[in-house]
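Remarks on the structure that follows.
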Amino acid sequence: MHTRAYKLAVSIPPLLWVGVFLLIPYALMLLHSFWLVRDGILVHEWNLQNYAKLFSNRIYLEVLFRSIRIAASVTLLSLILGYPLAYYMSFQSGRRKELMYQLVIIPLWVSYLVRGYAWKTILGSEGVLNSFLQYFHITTEPVGFLLYSPFAVVLMLTHIYTPFVFLPLYASLEHIPRNLVEASHDLGASPRTTFFRVILPLSMPGLLAGATFAFLLSLGDFLAPILVGGPSSVMIANIVQNLFGSAYDWPLGAAISVCILLLTVSLLFLTERLEKRWSFT
Amino acid sequence: MIEPSPSSPANHATSEGTLEVRNLAKQFGRQHVLKDISLHVAGGEFLTLLGESGSGKTTLLRIIAGFEQPSIGEVWMGGSRLDLLPPYKRKVNTVFQNYALFPHLSVEENVAYGLRVTGTAAADIPGRVQDALGMVKMAEYAERRPAKLSGGQQQRVALARALVNRPQLLLLDEPLSALDANLRKQMQGELKSLQRELGITFLFVTHDQDEAMVLSDRIALLRNGELEQIASPREIYERPATVYAAEFIGQTNVIKAEIHGGRASCGALSWATELPDGAQLFSLRPESIRLASETRAKPGSVPFRASVVQQVFTGASELLELDCGGLLIRARIPTRGRITGEHEFSFLAGSAVPVNHTKAGS
């Protein structure tokens, strides 16, 4: 039995942490979203103008939808790349498993910024890809859409978040008892049928966790649009950053943040419910 | 032991379920797991692969199921080659050691799985699933998830799932090993009657010799990847081919005797034999030894005096350890209460069965 004093002593630090660094900031954000800025000064006057602006100004909604589109593309592409890799490694790679696992993990040790600049070097008009295309006379002029486009943002984010999709997927595939696969074959199911009826359903918790990671992290990303995105791929986090920075409209920035937070929390809630439905132990 | 009678309905089974393993060998790297195994299983027969862990019994089963490829040799079933087919094209189903039920499917869906994936008409599926679940008395649990079932119930579902496709051959990989003793006894009885009813060939893997004795028409005893003996439980018990077979199946005394002029002798024991002169091992089952005071002397009876070293009460019988002039012998006699000191015992000369370390001819 632990004493009351001991229990108190171990629970206070995490509670303090959550309070000071999470709850108070969230509360401040919520308060700010109901205030306003007049003549460059923040005034504590309760109103709903910020939310009204958000839903009446098409720019904000457009950017929000673009962000969701980009995040969804990144999620889909990461799954398309990550699932076959995780499947192959878990079921087929045999003794090379360890090595391959390390190869997938290594990019995670490289700074996000470095990888962003690397893509700039590859995709730019004087970049590796364009030089290659021109050298082999596939194109005569640099291809423009490669860099400073939503395409570049999706590419870069997919590169960054595929390991995040891979890891939970791989873990859930590794957890599937191999005799279930044998049982399926034994009962007359081809490898293809076995995949769709046994392996895919049992890997759903990992798939959902990975997809949630990729989607939410991409949705809130603001560096990729800055590094490789250009004006055509401004995302919602860039707007927030701008509002809290040079535009000095904290209340509007806070209102947008509250909306994104609600979106994120409801998505997390939903995937958690789904994950529970798909776990059977 | 349940005696198979040649006229039982099971033996109406056609040659469809006959299994033939020809000169099969399996190597994992440098390890020889199976060495030149050949065996023939008749349609409707209950054959048990019995052996210690590492004897190769599970590997043999997995090769027949199609989860492993043989290094050498062939497997035939009902006149066609089996080992070239992938597992999902074999008319063979397996009951797995840990049941391997699909955790994301209900009991009903687990049983229906084999029918769905093989393209059975949707209208026939519910009826056949109900029949299969009824057969193992699990109909009322159809909606449950496997995680909500006890070990014994999961076992029944696994059996129903394996039988619903109407296989010609059912493979069972230590299916009862996870159950407690009483449930195990009960399931043994049910398995045996189910097998008789359906007339399907059963190939059963176990390391438990009692289970093998109770269930099997024949037992194939495996040792280090080789077939030590294949025979009916009665024959393997009464006529063990080797010392190993004698010791593995039931308890026995292995007696090292010298034969000279038609008499075998070992210490104070001496009995008539027709074997030629020389050293010979004999297997003498503990229960063939009797207290002389409780049996009438018969022709061929071999009397000897021994002192009781230890007595263990096991319910219906007493297990005695006897010291017969330095030779320790175990005897099993009907329960009779405490017994100490020196007594006269006897056994029939014919119950001392000559055995060798290796199979005759190898």
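The values are calculated or read from the model by the stated rules, or taken from the named source; none is laboratory data. Values in this document were obtained by computation on a predicted structure and should not be read as measured data. Here Cβ is always computed from backbone atoms with ideal geometry, including for glycine, and neighbour counts include all displayed protein chains.
Which of the following residues is among the charged types (D, E, K, R) and at pLDDT 90 or above: A:Arg69, A:Arg96? Please lay out each step first, then the result.
On the way: A:Arg96 fails: at pLDDT 90 or above.
Exactly one residue qualifies, and that residue is A:Arg69.
Looking at B:Asn182 and the list (1) at pLDDT 90 or above; (2) surrounded by fewer than 18 Cβ atoms within 10 Å (Cβ to Cβ); (3) of a type outside the set (A, V, I, L, M), which single condition is not satisfied?
Condition not satisfied by B:Asn182: (1).
Could you count how many residues in the range A:198-220 are under 22 Å from B:Leu101 (Cα atoms) and not hydrophobic (A, V, I, L, M, F, W, C)?
Residues that pass the stated criteria total 4.
Could you tell me which residue of the range A:132-176 is nearest to A:Ala118 (Cα to Cα), considering only residues that are touching a Leu at 6+ places or on another chain (Cβ under 6 Å) and free of Cβ contacts under 8 Å to residues at least 24 places away in the same chain?
A:Leu146
How many residues are in a helix (DSSP H, G or I) and either more than 11 Å from A:Ser172 (Cα to Cα) or out of contact with any Phe, Trp or Tyr (no Cβ under 9 Å at 6 or more places or on another chain) (or both) if we restrict to the range A:206-222? Give the derivation first.
Within the range A:206-222, the subset in a helix (DSSP H, G or I) is A:206-219.
From what's left, either more than 11 Å from A:Ser172 (Cα to Cα) or out of contact with any Phe, Trp or Tyr (no Cβ under 9 Å at 6 or more places or on another chain) (or both): A:209, A:211-219.
Within the range A:206-222, residues that are in a helix (DSSP H, G or I) and either more than 11 Å from A:Ser172 (Cα to Cα) or out of contact with any Phe, Trp or Tyr (no Cβ under 9 Å at 6 or more places or on another chain) (or both) number 10.
Select from the range B:75-103 the residues that are buried (at least 19 other Cβ atoms within 10 Å of the Cβ) and in a loop (DSSP other than H, G, I, E, B) and write down the one among them that is farthest from the other protein chains (Cβ to nearest Cβ).
Residue satisfying both the conditions and the ranking: B:Asp83.
Filter the range B:53-74 for residues that are acidic (Asp, Glu) and either within 14 Å of another protein chain (Cβ to nearest Cβ) or in contact with a Phe, Trp or Tyr (Cβ under 8 Å, 6 or more places away or on another chain) (or both) and give the result. Outline the logic, then answer.
Narrowing the range B:53-74 to residues acidic (Asp, Glu): B:68, B:74.
Of everything in the range B:53-74, just one residue is acidic (Asp, Glu) and either within 14 Å of another protein chain (Cβ to nearest Cβ) or in contact with a Phe, Trp or Tyr (Cβ under 8 Å, 6 or more places away or on another chain) (or both), namely B:Glu68.
All but one of (1) touching a residue at least 60 places away in the same chain (Cβ under 8 Å); (2) within 14 Å of chain A (Cβ to nearest Cβ); (3) of a type in the set (S, T, N, Q); (4) in a helix (DSSP H, G or I) hold for B:Gln195; state the number of the condition that does not hold.
(2)
So which of B:Gly134, B:Gly152, B:Gly119 ends up being without any contact (Cβ under 8 Å) to a residue 12 or more places away in the chain and in a helix (DSSP H, G or I)?
On the way: B:Gly152 fails: without any contact (Cβ under 8 Å) to a residue 12 or more places away in the chain; B:Gly119 fails: in a helix (DSSP H, G or I).
B:Gly134 is the lone residue from the list that is without any contact (Cβ under 8 Å) to a residue 12 or more places away in the chain and in a helix (DSSP H, G or I).
Which of the helices (runs of 4 or more DSSP H) contained wholly in the range A:9-105 include at least 2 residues that are under 28 Å from A:Pro150 (Cβ atoms) and of a type outside the set (Val, Ile, Thr)? Even if it seems obvious, please write down each step before you answer.
Details: elements: A:24-32, A:49-56, A:58-91, A:97-105.
Output list reads A:49-56, A:58-91.
From the residues in the range A:246-278 that are in a loop (DSSP other than H, G, I, E, B) and surrounded by 15 or more Cβ atoms within 10 Å (Cβ to Cβ), which one is farthest from the other protein chains (Cβ to nearest Cβ)? Let's see the steps before the verdict.
To start, the set of residues in the range A:246-278 that are in a loop (DSSP other than H, G, I, E, B) comprises A:246-249, A:278.
Okay, now just the ones that are also surrounded by 15 or more Cβ atoms within 10 Å (Cβ to Cβ), so A:249, A:278.
Details: A:Asp249: 50, A:Trp278: 7 Å.
Going through the qualifying residues, I end up with A:Asp249.
Any chance the range B:153-171 includes a residue that's within 16 Å of the chain's Cα centre (by Cα), crowded, with 17+ Cβ neighbours inside 10 Å and away from chain A (no Cβ under 14 Å)?
Within the range B:153-171, the subset within 16 Å of the chain's Cα centre (by Cα) is B:170-171.
The next check asks that each one be crowded, with 17+ Cβ neighbours inside 10 Å; those that pass are B:170-171.
Checking which are away from chain A (no Cβ under 14 Å) leaves us with none.
No, the range B:153-171 has no match at all.
Sort out which residues of the range B:63-89 are charged (D, E, K, R) and in contact with a strand residue (DSSP E or B) (Cβ under 8 Å, 6 or more places away or on another chain), and write them in order of number.
Passing the criteria: B:Glu68, B:Glu74, B:Arg81, B:Asp83.
If A:Ile226 meets every condition in (1) touching a residue at least 24 places away in the same chain (Cβ under 8 Å); (2) assigned to a helix (DSSP H, G or I) apart from one, which number is that one?
Going through (1) touching a residue at least 24 places away in the same chain (Cβ under 8 Å); (2) assigned to a helix (DSSP H, G or I) one by one, A:Ile226 breaks only (1).
Take B:Glu140 and tell me if it is charged (D, E, K, R), exposed (fewer than 14 other Cβ atoms within 10 Å of the Cβ), assigned by TED's automatic domain parsing to the domain that holds B:Asn23 and in a helix (DSSP H, G or I).
Values: charged (D, E, K, R): yes; exposed (fewer than 14 other Cβ atoms within 10 Å of the Cβ): yes; assigned by TED's automatic domain parsing to the domain that holds B:Asn23: yes; in a helix (DSSP H, G or I): yes.
Here the answer is yes, as B:Glu140 does meet what is asked.
Residue-by-condition table, conditions (1) among the hydroxyl-bearing types (Ser, Thr, Tyr); (2) farther than 28 Å from A:Leu200 by Cα:
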| site | (1), (2) |
| --- | --- |
| B:Gly56 | no, yes |
| B:Ile63 | no, no |
| B:Gln69 | no, no |
| B:Gly79 | no, yes |
| B:Tyr88 | yes, no |
| B:Val92 | no, no |
| B:Asn98 | no, no |
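Among the listed residues B:Ile63, B:Ile125, B:Ile72, which satisfies the condition of being of a type in the set (Val, Ile, Thr) and crowded, with 22+ Cβ neighbours inside 10 Å? Reasoning before the result, please.
Numbers: B:Ile125 fails: crowded, with 22+ Cβ neighbours inside 10 Å; B:Ile72 fails: crowded, with 22+ Cβ neighbours inside 10 Å.
Going through B:Ile63, B:Ile125, B:Ile72 in turn, the sole match is B:Ile63.
State all residues of the range B:316-333 that are closer than 12 Å to B:Ile289 by Cβ and either exposed (fewer than 12 other Cβ atoms within 10 Å of the Cβ) or of a type in the set (A, V, I, L, M, F, W, C) (or both); if no residue qualifies, say none.
The answer is B:Leu319, B:Leu320, B:Leu322, B:Cys324, B:Ile329, B:Ala331, B:Ile333.
Report, by residue number, each residue of the range A:179-196 that is surrounded by fewer than 23 Cβ atoms within 10 Å (Cβ to Cβ), at the interface with chain B (Cβ under 7 Å from one of its Cβ atoms) and assigned to a helix (DSSP H, G or I). So that I can check it myself, show each step before the final result.
Step one: of the range A:179-196, the residues surrounded by fewer than 23 Cβ atoms within 10 Å (Cβ to Cβ) are A:179-182, A:190-196.
Subsequent filtering for residues that are at the interface with chain B (Cβ under 7 Å from one of its Cβ atoms) retains A:179-180, A:182, A:190, A:193.
A:Asn179, A:Leu180, A:Glu182, A:Thr193 - these are the residues of the range A:179-196 that are surrounded by fewer than 23 Cβ atoms within 10 Å (Cβ to Cβ), at the interface with chain B (Cβ under 7 Å from one of its Cβ atoms) and assigned to a helix (DSSP H, G or I).
Looking at A:Pro168, A:Pro201 in this structure, which one is in a helix (DSSP H, G or I), under 30 Å from B:Val117 (Cβ atoms) and within 14 Å of chain B (Cβ to nearest Cβ)? Give the steps one after another, and end with the answer.
Numbers: A:Pro168 fails: within 14 Å of chain B (Cβ to nearest Cβ).
Exactly one residue qualifies, and that residue is A:Pro201.
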